[in-house]
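The values are calculated or read from the model by the stated rules, or taken from the named source; none is laboratory data. Being a predicted model, the structure only gives us computed values, none of them experimental. Note that we place each Cβ from the backbone using ideal geometry, even for glycine, and neighbour counts take in every protein chain shown.
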């Protein structure tokens, strides 16, 4: 016979089973891992683009360091773009634009607080 709050019963006291603290820890770790995985996936999609002055580093056409570049190219290291405007209009958040030595003229792109520009 069991006494519960002065009530007499013939049934044992049933308490809800307490969950293991390990279960909560595993759920927290899995949730954190999923958030971190989504950040890695975003970064993994970043692209490196290349830009080259067709006149080369010396800025003189017809010399040995001339580079074959065009804005119709894909912007790879082998087939770089020619103008900064092309890079600015194509690159997205997380992408990098690599400028080879050359003379590109003056430009002023400040970015924004959401999409800052780094040198």
Output for region 71-96, where each listed residue is in contact with a strand residue (DSSP E or B) (Cβ under 7 Å, 6 or more places away or on another chain), in a loop (DSSP other than H, G, I, E, B) and loosely packed, with under 14 Cβ neighbours inside 10 Å: 76, 77
Residues satisfying the stated conditions in region 48-70, i.e. closer than 29 Å to residue 114 by Cβ and exposed (fewer than 14 other Cβ atoms within 10 Å of the Cβ): 48
Residue 104 being at pLDDT 90 or above, assigned to a loop (DSSP other than H, G, I, E, B) and in contact with a strand residue (DSSP E or B) (Cβ under 8 Å, 6 or more places away or on another chain): no
